[in-house]
Amino acid sequence: MNETLLVHRLRHGHWVALDVMVALLLAVAFASAAQLRNDLPQAVAALAALPVATRRGWPLPSLAVSLAAAVTALLLGVESAYLPVAVVLYSVGAQAPRRRAVTGLAAALACVVAALLAAVWPFWTQALGSAGFGLALMGLSWTAGLAVREQHLHAARTAERAVVEERLRIARDLHDVVAHSMSLITMKAGVAGIVAETRPHEAREALRLIETTGRESMLEMRAMLGMLRSETGDLAPAPRLRDLHALAANAGIEVDLRVDTGDLPEGVGLAVYRIVQEALTNVAKHAGTGCRVRVTVPETGVVEVEVADGGRAAPRDGGGYGLLGMRERCLAYGGQLTAGPLPEGGFRVLARLPYACKDTP
């Protein structure tokens, strides 16, 4: 069961109602003092508390009205009249544009200090203590509002960055699934069309492979879409090293697969699977020959993936996102990827991905 703090459950209307209550309490407190003393300055101070009710929607206008009434009350001798101004300054720091927020704070501090000193002139030294406390209270209130504002901006930027990263991850996975499957289906469909009359048995084999590939691709895409819609996290496991044999068997080309390592961490294993999948797609699309696939751990904490074919050293990926996706997967784990033609002919993709060993403390 998800439990959230009470402040996260409050809506905007609840906060506005709370502001109205605070404004009324401050106004009643000053008004009560004015009634007991038959004192006009306390009544003016009560007017300074009323803009607290509107501070959330109009922080700067509320500050201007509250500050004007508070300065008037301070000049008339009410030393605590700056309290509502301190409350409004919190909203100024939290909501107003940065430059206007700083200007509002400076104006409030200057006006309150000047009013406190002018109220007891020439005995201005008596107001130094009250002025210092007022400065500290208003400055702390404004700083608290600014800190909350920065926290919200940081949280928004973090959430936006997470959304972008998730979009890139989904785009890579969709590209790997769709590009591999569609390339294989297109190639086999072409073969089936060519040999349909002369070698019907081979055509039927190609059609069976098309059916199997299409069905598996649909299942994987449904699993990915289910992951996006799921709220429980009860998902099918992602492809890992042990699934490379099935991938090689259905690649539509002759694949010499060698996996000389045990199981890897889930993220690294998925990255290796996707790199091999995309590389096999490029081989089937551009070379049309068999290839050699090796997945090894030449040193502790680094997995090496090599996919090489014996076809013509033609440009790969056709300006698409295959090599880019493989390179992004390597960079995500601090690795590197090199891809290019071989001197003796053919094309090779070599990826090195470091990972944390299980026995590493």
Near pairs, Cβ below 7 angstrom, 6+ apart or cross-chain, from segment 108-135 (part of a helix (DSSP H, G or I) and β-branched (Val, Ile, Thr)) to any residue that is modelled with pLDDT of 80 or more and open to solvent by 40 Å² or more (accessible area, probe 1.4 Å):
Val113/Leu135
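What are the residues in segment 96-105 that are modelled with pLDDT under 90 and open to solvent by 10 Å² or more (accessible area, probe 1.4 Å), if any? Please lay out each step first, then the result.
Looking only at segment 96-105, we keep the residues that are modelled with pLDDT under 90, and these are 96-98.
Once the filter is applied, which keeps residues that are modelled with pLDDT under 90 and open to solvent by 10 Å² or more (accessible area, probe 1.4 Å), segment 96-105 yields Pro97, Arg98.
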Just to be sure, is Leu36 loosely packed, with under 10 Cβ neighbours inside 10 Å, over 30 Å from the mean Cα position of the chain (by Cα) and modelled with pLDDT under 75?
yes
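The values are calculated or read from the model by the stated rules, or taken from the named source; none is laboratory data. Remember, it's a predicted structure, so these values are computed and weren't measured experimentally. Backbone-built Cβ (ideal geometry, glycine too); neighbour counts: all protein chains shown. The area values use the complete protein model at the heavy-atom level, side chains included, leaving out ligands, DNA and RNA. Shrake-Rupley method; radii C 1.70, N 1.55, O 1.52, S 1.80 Å.
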